[in-house]
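The values are calculated or read from the model by the stated rules, or taken from the named source; none is laboratory data. Computed from a predicted structure; not experimentally measured. Don't worry about glycine lacking a Cβ; one is built from the backbone with ideal geometry, like all the others, and counts go over all protein chains shown.
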(Lines give C-alpha, C1' and ligand atoms only; values in the text may rest on other atoms or scores of the structure.)
Protein backbone atom coordinates (compact mmCIF):
# COMPACT_ATOMS: atom_id res chain seq x y z
CA UNK A 1 0.00 0.00 0.00
CA UNK A 2 1.39 3.40 -1.01
CA UNK A 3 0.45 6.10 1.50
CA UNK A 4 1.00 9.73 0.49
CA UNK A 5 0.89 12.02 3.51
CA UNK A 6 -0.02 15.56 2.42
CA UNK A 7 0.19 18.71 4.54
CA UNK A 8 -1.76 21.72 3.18
CA UNK A 9 -0.31 25.18 2.75
CA UNK A 10 -0.21 27.56 5.69
CA UNK A 11 -1.19 31.00 4.35
CA UNK A 12 0.82 34.16 4.96
CA UNK A 13 0.02 34.70 8.66
CA UNK A 14 1.60 36.03 11.84
CA UNK A 15 3.02 32.62 12.76
CA UNK A 16 4.02 31.52 9.25
CA UNK A 17 7.13 33.76 9.46
CA UNK A 18 7.31 33.55 5.66
CA UNK A 19 8.90 36.97 5.23
CA UNK A 20 11.48 36.20 7.94
CA UNK A 21 12.28 32.69 6.68
CA UNK A 22 13.58 34.14 3.43
CA UNK A 23 16.53 35.61 5.35
CA UNK A 24 17.73 32.12 6.34
CA UNK A 25 16.54 30.46 3.10
CA UNK A 26 14.05 28.14 4.81
CA UNK A 27 10.65 27.22 3.41
CA UNK A 28 8.61 26.66 6.58
CA UNK A 29 8.84 27.12 10.33
CA UNK A 30 7.88 23.61 11.41
CA UNK A 31 7.36 20.15 9.91
CA UNK A 32 3.90 18.51 10.17
CA UNK A 33 4.38 16.69 13.49
CA UNK A 34 0.89 15.16 13.47
CA UNK A 35 1.28 13.56 10.05
CA UNK A 36 4.77 12.27 10.87
CA UNK A 37 3.35 10.69 14.03
CA UNK A 38 0.50 9.13 12.03
CA UNK A 39 3.10 7.78 9.60
CA UNK A 40 4.72 5.91 12.48
CA UNK A 41 1.33 4.43 13.40
CA UNK A 42 0.71 3.03 9.91
CA UNK A 43 1.58 -0.60 9.12
CA UNK A 44 5.35 -0.99 8.66
CA UNK A 45 4.82 -2.80 5.35
CA UNK A 46 3.16 0.29 3.85
CA UNK A 47 5.34 2.56 1.72
CA UNK A 48 5.12 6.16 2.91
CA UNK A 49 5.97 9.52 1.39
CA UNK A 50 5.43 13.02 2.73
CA UNK A 51 4.50 16.04 0.64
CA UNK A 52 4.42 19.22 2.71
CA UNK A 53 3.19 21.74 0.16
CA UNK A 54 4.78 24.51 2.22
CA UNK A 55 8.19 23.24 1.14
CA UNK A 56 7.56 21.29 -2.09
CA UNK A 57 4.96 20.97 -4.84
CA UNK A 58 2.34 18.23 -4.99
CA UNK A 59 2.90 16.71 -8.43
CA UNK A 60 0.89 14.42 -10.67
CA UNK A 61 3.66 11.85 -10.19
CA UNK A 62 2.98 11.88 -6.45
CA UNK A 63 -0.72 11.28 -7.02
CA UNK A 64 -0.15 8.58 -9.62
CA UNK A 65 2.06 6.72 -7.12
CA UNK A 66 -0.41 6.89 -4.22
CA UNK A 67 -3.10 4.40 -3.24
CA UNK A 68 -4.29 6.64 -0.42
CA UNK A 69 -3.73 10.28 0.45
CA UNK A 70 -3.67 11.07 4.17
CA UNK A 71 -4.38 14.74 4.85
CA UNK A 72 -4.21 16.61 8.13
CA UNK A 73 -4.26 20.28 9.01
CA UNK A 74 -5.54 23.18 11.08
CA UNK A 75 -8.46 25.48 10.42
CA UNK A 76 -6.23 28.14 8.86
CA UNK A 77 -5.29 25.56 6.18
CA UNK A 78 -8.91 24.96 5.15
CA UNK A 79 -8.63 26.53 1.69
CA UNK A 80 -5.51 24.62 0.71
CA UNK A 81 -6.96 21.38 2.09
CA UNK A 82 -10.02 21.72 -0.16
CA UNK A 83 -7.85 22.22 -3.23
CA UNK A 84 -5.69 19.20 -2.39
CA UNK A 85 -8.72 16.97 -1.77
CA UNK A 86 -10.17 18.01 -5.15
CA UNK A 87 -6.89 17.18 -6.91
CA UNK A 88 -6.73 13.78 -5.22
CA UNK A 89 -10.27 12.89 -6.23
CA UNK A 90 -9.67 14.01 -9.82
CA UNK A 91 -6.65 11.69 -9.89
CA UNK A 92 -8.64 8.77 -8.48
CA UNK A 93 -6.81 8.75 -5.15
CA UNK A 94 -8.86 7.94 -2.06
CA UNK A 95 -8.59 10.49 0.74
CA UNK A 96 -8.25 9.83 4.47
CA UNK A 97 -8.49 12.99 6.61
CA UNK A 98 -7.88 13.77 10.26
CA UNK A 99 -6.47 16.40 12.59
CA UNK A 100 -7.97 19.56 14.17
CA UNK A 101 -9.55 20.95 10.97
CA UNK A 102 -11.49 17.82 10.13
CA UNK A 103 -12.29 16.91 13.73
CA UNK A 104 -14.00 20.30 14.02
CA UNK A 105 -15.87 20.39 10.70
CA UNK A 106 -15.63 17.06 8.88
CA UNK A 107 -19.22 17.32 7.65
CA UNK A 108 -18.16 20.16 5.34
CA UNK A 109 -15.80 17.95 3.31
CA UNK A 110 -18.08 15.73 1.25
CA UNK A 111 -15.28 14.55 -1.09
CA UNK A 112 -13.28 12.83 1.66
CA UNK A 113 -13.59 9.02 1.66
CA UNK A 114 -12.69 8.34 5.28
CA UNK A 115 -12.35 10.51 8.39
CA UNK A 116 -10.06 9.34 11.18
CA UNK A 117 -10.81 11.97 13.82
CA UNK A 118 -9.79 12.93 17.35
CA UNK A 119 -6.54 11.28 18.47
CA UNK A 120 -5.17 8.88 15.85
CA UNK A 121 -3.67 6.56 18.46
CA UNK A 122 -7.29 5.64 19.31
CA UNK A 123 -9.16 5.83 16.00
CA UNK A 124 -6.54 4.79 13.43
CA UNK A 125 -6.23 1.13 14.56
CA UNK A 126 -10.00 0.61 14.13
CA UNK A 127 -9.90 2.13 10.66
CA UNK A 128 -6.90 0.03 9.61
CA UNK A 129 -8.54 -3.16 10.87
CA UNK A 130 -11.73 -2.42 8.94
CA UNK A 131 -9.77 -1.41 5.85
CA UNK A 132 -7.91 -4.73 5.97
CA UNK A 133 -11.27 -6.55 6.09
CA UNK A 134 -12.60 -4.48 3.18
CA UNK A 135 -15.40 -2.68 5.04
CA UNK A 136 -13.93 0.62 6.28
CA UNK A 137 -16.51 3.12 7.51
CA UNK A 138 -16.54 6.77 6.51
CA UNK A 139 -16.18 8.29 9.99
CA UNK A 140 -14.11 7.12 12.95
CA UNK A 141 -14.45 9.20 16.09
CA UNK A 142 -14.08 8.72 19.84
CA UNK A 143 -14.45 10.49 23.18
CA UNK A 144 -11.55 8.45 24.56
CA UNK A 145 -8.18 10.09 25.13
CA UNK A 146 -5.03 8.31 23.99
CA UNK A 147 -2.32 6.91 26.23
CA UNK A 148 0.51 8.88 24.65
CA UNK A 149 3.11 6.84 26.50
CA UNK A 150 2.46 4.35 23.69
CA UNK A 151 2.88 6.94 20.92
CA UNK A 152 5.82 6.04 18.64
CA UNK A 153 8.68 8.27 17.55
CA UNK A 154 7.54 10.37 14.56
CA UNK A 155 9.01 9.38 11.18
CA UNK A 156 11.09 12.53 10.74
CA UNK A 157 13.11 10.78 8.07
CA UNK A 158 10.17 11.37 5.70
CA UNK A 159 10.72 15.13 5.95
CA UNK A 160 13.47 17.20 4.36
CA UNK A 161 14.74 18.71 7.61
CA UNK A 162 16.93 21.23 5.78
CA UNK A 163 13.81 23.06 4.59
CA UNK A 164 12.61 23.92 8.13
CA UNK A 165 13.71 26.56 10.63
CA UNK A 166 12.67 24.57 13.71
CA UNK A 167 11.75 21.02 14.63
CA UNK A 168 8.72 20.12 16.76
CA UNK A 169 8.09 17.62 19.53
CA UNK A 170 5.27 16.93 22.00
CA UNK A 171 5.52 16.01 25.67
CA UNK A 172 1.93 16.45 26.87
CA UNK A 173 -1.66 16.86 25.70
CA UNK A 174 -4.39 18.63 27.65
CA UNK A 175 -4.56 21.68 29.92
CA UNK A 176 -5.80 22.01 33.52
CA UNK A 177 -7.48 25.35 32.85
CA UNK A 178 -10.88 26.09 31.32
CA UNK A 179 -10.68 29.32 29.32
CA UNK A 180 -14.02 29.92 27.61
CA UNK A 181 -12.61 30.66 24.15
CA UNK A 182 -10.04 27.84 23.98
CA UNK A 183 -10.69 24.51 22.25
CA UNK A 184 -7.62 22.73 23.62
CA UNK A 185 -9.57 21.07 26.43
CA UNK A 186 -12.36 20.12 24.00
CA UNK A 187 -9.80 18.32 21.86
CA UNK A 188 -7.47 16.94 24.54
CA UNK A 189 -9.15 17.21 27.94
CA UNK A 190 -8.38 18.92 31.25
CA UNK A 191 -5.98 16.34 32.63
CA UNK A 192 -2.53 16.76 31.07
CA UNK A 193 -1.29 13.41 29.78
CA UNK A 194 2.46 13.11 29.41
CA UNK A 195 4.96 10.97 27.60
CA UNK A 196 7.83 9.49 29.56
CA UNK A 197 11.15 11.28 29.73
CA UNK A 198 12.65 8.27 27.94
CA UNK A 199 10.27 8.80 25.01
CA UNK A 200 11.28 12.45 24.66
CA UNK A 201 14.98 11.63 24.83
CA UNK A 202 14.46 8.96 22.16
CA UNK A 203 12.68 11.47 19.93
CA UNK A 204 15.40 14.07 20.41
CA UNK A 205 18.07 11.47 19.73
CA UNK A 206 16.24 10.50 16.54
CA UNK A 207 16.40 14.11 15.36
CA UNK A 208 20.04 14.38 16.43
CA UNK A 209 20.92 11.22 14.48
CA UNK A 210 19.35 12.75 11.38
CA UNK A 211 21.69 15.72 11.75
CA UNK A 212 19.39 18.27 13.40
CA UNK A 213 21.28 20.78 15.58
CA UNK A 214 18.83 23.69 15.67
CA UNK A 215 15.92 24.74 17.87
CA UNK A 216 13.22 22.27 18.91
CA UNK A 217 9.74 23.57 19.72
CA UNK A 218 7.68 21.70 22.32
CA UNK A 219 4.20 22.13 20.83
CA UNK A 220 2.39 21.44 24.12
CA UNK A 221 -0.42 23.93 24.67
CA UNK A 222 0.78 24.31 28.26
CA UNK A 223 4.07 22.58 29.05
CA UNK A 224 3.71 23.32 32.77
CA UNK A 225 0.23 21.82 33.02
CA UNK A 226 1.75 18.99 35.07
CA UNK A 227 4.52 20.72 37.04
CA UNK A 228 5.39 17.71 39.16
CA UNK A 229 6.08 15.51 36.15
CA UNK A 230 8.00 18.32 34.46
CA UNK A 231 10.21 18.97 37.48
CA UNK A 232 10.89 15.40 38.49
CA UNK A 233 11.10 13.65 35.12
CA UNK A 234 11.40 15.65 31.91
CA UNK A 235 13.58 18.59 32.92
CA UNK A 236 16.19 16.52 34.80
CA UNK A 237 16.45 14.25 31.75
CA UNK A 238 16.85 17.24 29.40
CA UNK A 239 19.45 18.83 31.67
CA UNK A 240 21.44 15.61 31.66
CA UNK A 241 21.11 15.25 27.89
CA UNK A 242 22.45 18.77 27.32
CA UNK A 243 25.70 17.62 28.95
CA UNK A 244 26.03 14.58 26.68
CA UNK A 245 24.65 15.53 23.26
CA UNK A 246 25.57 19.20 22.90
CA UNK A 247 23.38 22.21 23.41
CA UNK A 248 19.86 22.02 21.96
CA UNK A 249 17.75 25.21 22.26
CA UNK A 250 14.07 24.70 23.12
CA UNK A 251 10.94 26.83 23.00
CA UNK A 252 7.39 26.12 24.17
CA UNK A 253 4.06 27.46 25.47
CA UNK A 254 3.24 27.99 29.16
CA UNK A 255 0.73 29.71 31.44
CA UNK A 256 1.59 32.93 33.28
CA UNK A 257 1.91 31.20 36.65
CA UNK A 258 5.35 29.98 35.58
CA UNK A 259 6.50 33.32 37.01
CA UNK A 260 5.51 32.10 40.50
CA UNK A 261 8.00 29.24 40.46
CA UNK A 262 11.59 30.44 40.43
CA UNK A 263 12.97 26.91 40.67
CA UNK A 264 10.95 25.77 37.65
CA UNK A 265 12.12 28.74 35.59
CA UNK A 266 15.75 28.03 36.51
CA UNK A 267 15.35 24.36 35.59
CA UNK A 268 13.75 25.22 32.26
CA UNK A 269 16.57 27.59 31.36
CA UNK A 270 19.18 25.03 32.43
CA UNK A 271 17.38 22.43 30.28
CA UNK A 272 17.68 24.71 27.23
CA UNK A 273 14.40 26.63 27.07
CA UNK A 274 14.90 30.19 25.87
CA UNK A 275 11.48 31.25 24.56
CA UNK A 276 7.97 30.78 25.98
CA UNK A 277 4.62 31.82 24.52
CA UNK A 278 2.12 33.00 27.15
CA UNK A 279 -1.58 33.72 26.69
CA UNK A 280 -1.80 37.13 28.34
CA UNK A 281 -5.10 37.90 26.54
CA UNK A 282 -5.98 41.20 28.26
CA UNK A 283 -5.00 43.50 31.14
CA UNK A 284 -8.70 43.98 31.95
CA UNK A 285 -9.81 42.05 35.05
CA UNK A 286 -13.47 42.01 34.02
CA UNK A 287 -12.61 40.43 30.68
CA UNK A 288 -10.39 37.85 32.38
CA UNK A 289 -13.32 36.97 34.64
CA UNK A 290 -15.66 36.78 31.65
CA UNK A 291 -13.48 34.27 29.79
CA UNK A 292 -12.61 32.32 32.96
CA UNK A 293 -8.88 33.05 32.64
CA UNK A 294 -8.48 32.56 36.38
CA UNK A 295 -4.74 31.96 36.24
CA UNK A 296 -4.20 35.51 34.93
CA UNK A 297 -6.34 37.32 37.49
CA UNK A 298 -5.16 39.39 40.47
CA UNK A 299 -1.61 39.56 39.20
CA UNK A 300 0.90 42.17 38.13
CA UNK A 301 1.11 40.77 34.61
CA UNK A 302 3.85 43.14 33.47
CA UNK A 303 6.04 42.17 36.42
CA UNK A 304 5.33 38.48 35.75
CA UNK A 305 6.59 38.92 32.19
CA UNK A 306 9.70 40.76 33.33
CA UNK A 307 10.34 38.07 35.94
CA UNK A 308 10.50 35.46 33.20
CA UNK A 309 12.65 37.70 31.02
CA UNK A 310 15.13 38.22 33.87
CA UNK A 311 15.25 34.45 34.36
CA UNK A 312 16.42 34.02 30.76
CA UNK A 313 13.11 33.39 28.98
CA UNK A 314 12.00 35.54 26.06
CA UNK A 315 8.24 35.93 26.47
CA UNK A 316 6.01 35.94 23.41
CA UNK A 317 2.43 36.93 24.09
CA UNK A 318 -1.10 36.38 22.83
CA UNK A 319 -3.65 39.20 23.21
CA UNK A 320 -7.38 39.42 22.45
CA UNK A 321 -9.82 42.32 22.02
CA UNK A 322 -13.56 41.97 21.61
CA UNK A 323 -14.65 40.51 24.93
CA UNK A 324 -18.15 41.52 26.02
CA UNK A 325 -16.58 43.48 28.91
CA UNK A 326 -14.28 45.48 26.64
CA UNK A 327 -14.85 49.20 26.17
CA UNK A 328 -13.05 51.42 23.62
CA UNK A 329 -10.41 52.15 26.28
CA UNK A 330 -9.07 48.60 25.84
CA UNK A 331 -7.15 49.48 22.68
CA UNK A 332 -4.84 51.97 24.38
CA UNK A 333 -4.56 49.72 27.44
CA UNK A 334 -3.37 46.85 25.27
CA UNK A 335 -0.83 49.10 23.55
CA UNK A 336 0.47 50.37 26.89
CA UNK A 337 0.79 46.85 28.28
CA UNK A 338 2.60 45.47 25.24
CA UNK A 339 5.06 48.37 25.10
CA UNK A 340 5.76 48.38 28.84
CA UNK A 341 6.22 44.59 29.05
CA UNK A 342 8.76 44.38 26.24
CA UNK A 343 6.89 41.53 24.57
CA UNK A 344 8.40 41.81 21.10
CA UNK A 345 6.36 39.04 19.49
CA UNK A 346 2.86 40.21 20.40
CA UNK A 347 0.04 38.38 18.61
CA UNK A 348 -3.12 40.49 18.85
CA UNK A 349 -6.41 39.17 17.50
CA UNK A 350 -10.14 39.71 17.62
CA UNK A 351 -12.06 37.28 19.80
CA UNK A 352 -13.20 34.24 17.83
CA UNK A 353 -15.33 31.28 18.90
CA UNK A 354 -13.95 27.89 17.80
CA UNK A 355 -16.35 24.99 17.61
CA UNK A 356 -16.38 22.84 20.71
CA UNK A 357 -15.68 25.73 23.09
CA UNK A 358 -17.97 26.99 25.82
CA UNK A 359 -17.83 30.40 24.12
CA UNK A 360 -19.19 28.89 20.89
CA UNK A 361 -22.07 27.23 22.72
CA UNK A 362 -22.91 30.37 24.71
CA UNK A 363 -22.95 32.64 21.66
CA UNK A 364 -24.92 30.05 19.69
CA UNK A 365 -27.62 30.16 22.37
CA UNK A 366 -27.55 33.97 22.22
CA UNK A 367 -27.81 34.03 18.42
CA UNK A 368 -24.45 35.80 18.09
CA UNK A 369 -22.53 33.48 15.79
CA UNK A 370 -21.59 34.52 12.26
CA UNK A 371 -19.74 32.55 9.57
CA UNK A 372 -17.10 29.94 10.32
CA UNK A 373 -13.87 31.27 11.80
CA UNK A 374 -10.84 31.75 9.57
CA UNK A 375 -8.32 30.20 11.94
CA UNK A 376 -5.99 33.18 11.37
CA UNK A 377 -5.46 34.88 14.72
CA UNK A 378 -4.53 38.27 13.31
CA UNK A 379 -6.56 38.75 10.12
CA UNK A 380 -8.99 41.17 11.78
CA UNK A 381 -12.00 38.91 11.29
CA UNK A 382 -14.33 37.37 13.84
CA UNK A 383 -17.16 34.84 13.72
CA UNK A 384 -19.11 36.47 16.54
CA UNK A 385 -21.35 39.50 16.98
CA UNK A 386 -19.51 41.51 19.64
CA UNK A 387 -21.05 43.77 22.27
CA UNK A 388 -18.95 46.66 21.04
CA UNK A 389 -19.88 48.29 17.75
CA UNK A 390 -18.15 46.15 15.11
CA UNK A 391 -16.69 49.12 13.21
CA UNK A 392 -15.33 50.56 16.46
CA UNK A 393 -13.82 47.19 17.33
CA UNK A 394 -12.16 46.76 13.95
CA UNK A 395 -10.74 50.27 13.86
CA UNK A 396 -9.48 49.96 17.42
CA UNK A 397 -7.89 46.65 16.57
CA UNK A 398 -6.14 48.14 13.56
CA UNK A 399 -4.90 51.02 15.71
CA UNK A 400 -3.13 48.52 17.98
CA UNK A 401 -1.37 46.84 15.07
CA UNK A 402 -0.36 50.17 13.50
CA UNK A 403 1.16 51.32 16.75
CA UNK A 404 2.97 48.26 18.07
CA UNK A 405 4.44 47.26 14.70
CA UNK A 406 5.43 50.72 13.49
CA UNK A 407 9.25 50.77 13.32
CA UNK A 408 9.61 53.36 16.07
CA UNK A 409 7.53 51.53 18.67
CA UNK A 410 8.58 48.03 17.64
CA UNK A 411 12.31 48.77 17.98
CA UNK A 412 11.62 50.60 21.23
CA UNK A 413 10.02 47.41 22.52
CA UNK A 414 13.01 45.33 21.46
CA UNK A 415 15.28 47.55 23.56
CA UNK A 416 12.88 47.22 26.52
CA UNK A 417 13.25 43.44 26.30
CA UNK A 418 17.02 43.47 25.83
CA UNK A 419 17.44 45.65 28.94
CA UNK A 420 15.70 43.00 31.07
CA UNK A 421 16.65 39.82 29.27
CA UNK A 422 19.26 37.55 30.76
CA UNK A 423 21.32 36.01 27.93
CA UNK A 424 20.61 32.28 27.59
CA UNK A 425 23.33 29.75 28.24
CA UNK A 426 22.15 27.77 25.24
CA UNK A 427 21.72 29.66 21.99
CA UNK A 428 20.73 28.70 18.47
CA UNK A 429 23.91 27.72 16.61
CA UNK A 430 25.08 30.48 14.30
CA UNK A 431 25.60 28.46 11.16
CA UNK A 432 26.47 29.97 7.81
CA UNK A 433 22.84 30.72 6.89
CA UNK A 434 22.40 32.82 10.03
CA UNK A 435 25.54 34.79 9.23
CA UNK A 436 24.21 35.36 5.72
CA UNK A 437 20.87 36.40 7.23
CA UNK A 438 22.64 39.22 9.06
CA UNK A 439 24.14 40.54 5.82
CA UNK A 440 20.79 40.20 4.06
CA UNK A 441 19.21 42.21 6.87
CA UNK A 442 21.76 44.98 6.36
CA UNK A 443 20.58 45.41 2.77
CA UNK A 444 16.86 44.71 3.27
CA UNK A 445 16.37 46.58 6.54
CA UNK A 446 19.40 48.83 6.94
CA UNK A 447 19.69 50.22 3.41
CA UNK A 448 16.37 50.04 1.55
CA UNK A 449 13.98 49.47 4.47
CA UNK A 450 11.73 52.18 5.89
CA UNK A 451 12.99 51.21 9.34
CA UNK A 452 16.68 51.70 8.52
CA UNK A 453 17.28 54.49 11.09
CA UNK A 454 15.75 52.39 13.88
CA UNK A 455 17.59 49.28 12.65
CA UNK A 456 21.02 50.93 12.94
CA UNK A 457 20.18 52.55 16.26
CA UNK A 458 19.20 49.17 17.70
CA UNK A 459 22.30 47.37 16.45
CA UNK A 460 24.59 50.16 17.69
CA UNK A 461 22.87 50.27 21.08
CA UNK A 462 23.09 46.47 21.43
CA UNK A 463 26.71 46.31 20.34
CA UNK A 464 27.77 48.77 23.03
CA UNK A 465 25.26 47.97 25.81
CA UNK A 466 24.41 44.24 25.44
CA UNK A 467 26.93 42.77 22.97
CA UNK A 468 26.08 39.16 23.91
CA UNK A 469 22.55 39.82 22.69
CA UNK A 470 23.58 41.06 19.24
CA UNK A 471 22.26 37.89 17.49
CA UNK A 472 18.92 38.39 19.25
CA UNK A 473 18.78 42.01 18.11
CA UNK A 474 19.31 40.93 14.50
CA UNK A 475 16.68 38.20 14.89
CA UNK A 476 14.11 40.65 16.26
CA UNK A 477 14.83 43.12 13.45
CA UNK A 478 14.08 40.36 10.92
CA UNK A 479 10.95 39.32 12.84
CA UNK A 480 9.79 42.92 12.75
CA UNK A 481 10.07 42.93 8.96
CA UNK A 482 7.73 39.93 8.82
CA UNK A 483 5.26 41.36 11.34
CA UNK A 484 5.03 44.68 9.48
CA UNK A 485 4.37 42.87 6.20
CA UNK A 486 1.52 40.99 7.86
CA UNK A 487 0.11 44.09 9.54
CA UNK A 488 0.20 46.08 6.31
CA UNK A 489 -2.13 43.50 4.81
CA UNK A 490 -4.47 43.73 7.80
CA UNK A 491 -4.81 47.48 8.33
CA UNK A 492 -5.22 48.75 4.77
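At-a-glance table
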read-out: Residue within the stretch 236-249 that is over 30 Å from residue 321 (Cα atoms), touching a strand residue (DSSP E or B) at 6+ places or on another chain (Cβ under 7 Å) and surrounded by 22 or more Cβ atoms within 10 Å (Cβ to Cβ) present; value: yes
read-out: Some residue of the stretch 463-481 being surrounded by 19 or more Cβ atoms within 10 Å (Cβ to Cβ) and assigned to a loop (DSSP other than H, G, I, E, B); value: no
read-out: Test: residue in the stretch 170-186 that is under 22 Å from residue 52 (Cα atoms) and assigned by TED's automatic domain parsing to the domain that holds residue 295; value: yes
read-out: Residue ID - farthest from the chain's Cα centre (by Cα), chosen from residues in the stretch 167-177 that are in a loop (DSSP other than H, G, I, E, B) and surrounded by 19 or more Cβ atoms within 10 Å (Cβ to Cβ); value: 177
read-out: Filter result for the condition that a residue is touching a residue at least 60 places away in the same chain (Cβ under 8 Å), assigned to a loop (DSSP other than H, G, I, E, B) and either assigned by TED's automatic domain parsing to the domain that holds residue 444 or surrounded by 22 or more Cβ atoms within 10 Å (Cβ to Cβ) (or both), over 38, 10; value: 10
